[in-house]
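These notes are about the structure you will find just below.
The values are calculated or read from the model by the stated rules, or taken from the named source; none is laboratory data. All of these numbers come straight from a predicted model, not from anything done at the bench. All Cβ positions, even for glycine, are placed from backbone atoms using ideal geometry, and neighbour counts span all protein chains on display.
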Amino acid sequence: MASGIPRYYQFARCFRDEDLRADRQPEFTQLDLEMSFSTGEDVMAIIEAAVKRLWSSLMLEPLPSGSFPRITYEDAMAKYGSDKPDVRIGMEIMRIEHMIPIDLISKISSLNDPIVEALKLEGNENPNEMRKFLNSFLDSPEANVFHNNPEGGPGAFIYDSRKPLSGLQPFGFEATWVLEQELDLKDGDLLIIQARKKTPFSGGSTPLGDLRREIHKAAVEANLTSAPTGFHFLWVRDFPLFSPVSDSEPGQGGAAGIASTHHPFTAPLRESDVSLMLTDPTKVIADHYDLVLNGVELGGGSRRIHSAAVQELILRDILKMPAERLADFAHLLEALRAGCPPHAGIALGFDRLVAVMLGKESVRDVIAFPKSGKGEDMLVKCPSEMTEESLRTYHLRLTDEGVEREG
């Protein structure tokens, strides 16, 4: 953009050092595009048009007319416990700490004044069938999200009209009546409650959101509920510009204890957010948007920073990058000072898109010569151990410090 090219797109081969979950590969393809003098609205409109053209050309089931639905990050986390929710399965989460007894809260969590949330898995009006399913789920590896929760294990209740208070005795009369009305409880329904800290959302999911995903998947496999059908695109917007650094994330080389949620070149949503960065950066909203399809994040984009002063403020004063790390971005700051137009872009994971279109669980199913879960190419058997003979060919030898060149 700074060089004067107004817009571009490319199908780019990418190589990343990432953990190899089902939706990730160390080598993958993405559709990357950027446009000068544009906003996130422009980018989203172009992507929607491209996806609809793709669907009308290749898929039997057309997409609904009109723009893709939108939801804020805050609402996605509150309603579904995920920043990439599969909204087809329902099971919306609701807050209930204001309607349940304090002693019940203390039984499910040791947190002081926590948020308590609930969700419902619909049964087949058969409480015994739901009990059998729940016991089977709790004994499965997928129930780790149920058991291994540092903020307290969830409570599970099966609605059974044959029992006192329909099996919800710990809630008391008033709370039971409210829950019956709010959640439309019927015989055999499973009610799960979970406590969490009363802090702003961060990261990609909540414990109850993880449990929502896993228990619905198990219910489908047990024929307790039907699998969701169709394709539901969704834009997730208004992410926090900065998030607390997680132990599982590499961060961006700073010492502030926070990192950019998307990347350090994402622009704040409003002009007022620039001054807010100096007082409370965790409250700043980013001009960042993710495209989600059936619970899979297809890609993410943002409006980029085009001001050298704002970019340097974020790198040096907000993220607190050391001088040697700042030097890595000297060329960027120089280009921004020379004059760079406002611009926005997005990158879509091409492999993920094809996998969802074909109903595949893993991107490995749609990639030629994919890597295994250990990062190995099974066709050519690499990476492989180096033999003494191959080392001699290149005048190399192994030492405790690594590979050393002979002579």
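For the range 108-127, the tally of residues that are assigned to a helix (DSSP H, G or I) and touching an Asp or Glu at 6+ places or on another chain (Cβ under 9 Å) stands at 1.
Each residue in the range 53-77 was checked for being over 18 Å from D238 (Cα atoms) and either modelled with pLDDT of 95 or more or in contact with a Lys or Arg (Cβ under 6 Å, 6 or more places away or on another chain) (or both), and 1 of them qualify. For the range 339-352, does any single residue satisfy the condition of being in contact with a Lys or Arg (Cβ under 6 Å, 6 or more places away or on another chain) and either under 30 Å from V236 (Cα atoms) or modelled with pLDDT under 85 (or both)? Yes; the residues of the range 339-352 include at least one that is in contact with a Lys or Arg (Cβ under 6 Å, 6 or more places away or on another chain) and either under 30 Å from V236 (Cα atoms) or modelled with pLDDT under 85 (or both). Taken together, the residues in the range 185-244 that are touching a Leu at 6+ places or on another chain (Cβ under 9 Å), among the acidic types (D, E) and under 14 Å from Y80 (Cβ atoms) amount to 0. Return yes when S36 is farther than 30 Å from A218 by Cα and touching a Lys or Arg at 6+ places or on another chain (Cβ under 8 Å) and no when it is not. Spelling it out, S36 is indeed farther than 30 Å from A218 by Cα and touching a Lys or Arg at 6+ places or on another chain (Cβ under 8 Å). Within the range 221-249, the set of residues being free of Cβ contacts under 8 Å to residues at least 12 places away in the same chain and either out of contact with any helix residue (DSSP H, G or I) (no Cβ under 9 Å at 6 or more places or on another chain) or of a type in the set (D, E, K, R) (or both) comprises E221, N223, D247, S248, E249. Scanning the range 117-141 for residues that are farther than 24 Å from F201 by Cα and charged (D, E, K, R), which turns out surrounded by the most Cβ atoms within 10 Å (Cβ to Cβ)? That would be E122. Just one of the listed residues (F171, F137, F133) is within 14 Å of I108 (Cβ to Cβ) and assigned to a helix (DSSP H, G or I), and it is F171.
Of a type outside the set (A, V, I, L, M), in contact with a Leu (Cβ under 8 Å, 6 or more places away or on another chain) and on the phi > 0 side of the Ramachandran plot - does that describe any residue in the range 149-156? Yes, there is a match, as at least one residue in the range 149-156 is of a type outside the set (A, V, I, L, M), in contact with a Leu (Cβ under 8 Å, 6 or more places away or on another chain) and on the phi > 0 side of the Ramachandran plot. Contact map, the range 33-45: residues that are more than 18 Å from G66 (Cα to Cα) paired with residues that are surrounded by fewer than 18 Cβ atoms within 10 Å (Cβ to Cβ) and charged (D, E, K, R), Cβ distance under 8 Å, separation 6+ or inter-chain. Pairs shown: L33/R7; E34/R7; M35/R7; M35/D42; S36/R7; S38/R7. The single condition among (1) loosely packed, with under 15 Cβ neighbours inside 10 Å; (2) within 29 Å of the chain's Cα centre (by Cα) that Q169 does not satisfy is (2).
Considering the range 1-32, and only residues there that are closer than 30 Å to D377 by Cβ and of a type in the set (A, V, I, L, M), the residue that is modelled with the lowest pLDDT turns out to be A22.
No other residue among A355, A323, A335, A308 is modelled with pLDDT under 95 and in contact with a Lys or Arg (Cβ under 6 Å, 6 or more places away or on another chain) apart from A308.
Restricting V245, V284, V274, V292 to residues that are farther than 21 Å from L326 by Cβ and of a type in the set (A, V, I, L, M, F, W, C) narrows the list to V292. Scanning the range 334-348 for residues that are touching a helix residue (DSSP H, G or I) at 6+ places or on another chain (Cβ under 6 Å) and within 14 Å of S302 (Cβ to Cβ) yields A344, I346.
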